[in-house]
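A.B. asks: Submitted below is the structure of interest, expressed as structure tokens.
The values are calculated or read from the model by the stated rules, or taken from the named source; none is laboratory data. Values in this document were obtained by computation on a predicted structure and should not be read as measured data. FYI the Cβ positions are ideal-geometry reconstructions off the backbone, even for glycines, and counts take in every protein chain you see. Heavy atoms of the whole protein, side chains included, go into the accessibility calculation; ligands, DNA and RNA do not. Shrake-Rupley method; radii C 1.70, N 1.55, O 1.52, S 1.80 Å.
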Amino acid sequence: DDERNGGKMRALAQLLRAGRTVAMERTWQTTKEAAGRNLATRGLDDFFDNVGEKEEEIVVGRDWKAQELRNKSFEDLHKLWYVLLKERNMLHTQKELMRSEGKRMAKPHRIRLVRKSMARIKAVLWERALAEEDPHKQSELKVMVHTM
């Protein structure tokens, strides 16, 4: 009986491997098709910062100050957090791309500006959590800020 079950298990394992191979082949074909499309239609341009522009042409803003962030609503801070997160990912992608080509990234201080702005958003949200009078809600806000 154990021998029959072992044979069934081996057969099942073979079927699963075959199914996985088919699924992997479909995924590979989809990936190959997507690679042939324009970068803009795939959304990858968001990870690169004006690759063709010279360093002098790149206009850089400043970091957000805590006082400015305190005047914003929770929803605005939430949106700004994700804009900064996207910017941070783009800058790190750009930095690695340039490093792999043996070049230096244009205006690398932008990473620091984004990081400082993100830290300030967390600080403002932490202040709001501490100011919350309901202990349950305060606890939830602290956990939310801590996981950011």
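A.B. asks: Could you count how many residues in region 93-123 are open to solvent by less than 80 Å² (accessible area, probe 1.4 Å), of a type outside the set (V, I, T) and either touching a residue at least 24 places away in the same chain (Cβ under 8 Å) or more than 19 Å from T147 (Cα to Cα) (or both)?
C.D. replies: So in region 93-123, the residues open to solvent by less than 80 Å² (accessible area, probe 1.4 Å) come out as 93-94, 97-98, 102, 105-111, 113-114, 116-123.
Cutting the leftovers down to of a type outside the set (V, I, T) gives us 94, 97-98, 102, 105-110, 113, 116-120, 122-123.
Still in the running and either touching a residue at least 24 places away in the same chain (Cβ under 8 Å) or more than 19 Å from T147 (Cα to Cα) (or both): 94, 97-98, 102, 105-110, 113, 116-118, 120, 122-123.
Number satisfying all stated conditions: 17.
A.B. asks: Look at region 100-129 and say how many of its residues are under 20 Å from the mean Cα position of the chain (by Cα) and of a type in the set (K, R).
C.D. replies: Result for region 100-129: 6.
A.B. asks: Now a separate question. What residue, among those in region 124-137 that are more than 15 Å from R70 (Cα to Cα) and part of a loop (DSSP other than H, G, I, E, B), is most open to solvent (accessible area, probe 1.4 Å)?
C.D. replies: Filtering region 124-137 for residues more than 15 Å from R70 (Cα to Cα) gives 133-137.
Checking the rest, the ones that are also part of a loop (DSSP other than H, G, I, E, B) come to 133-134.
Numbers: E133: 168, D134: 74 Å².
The extreme case among them is E133.
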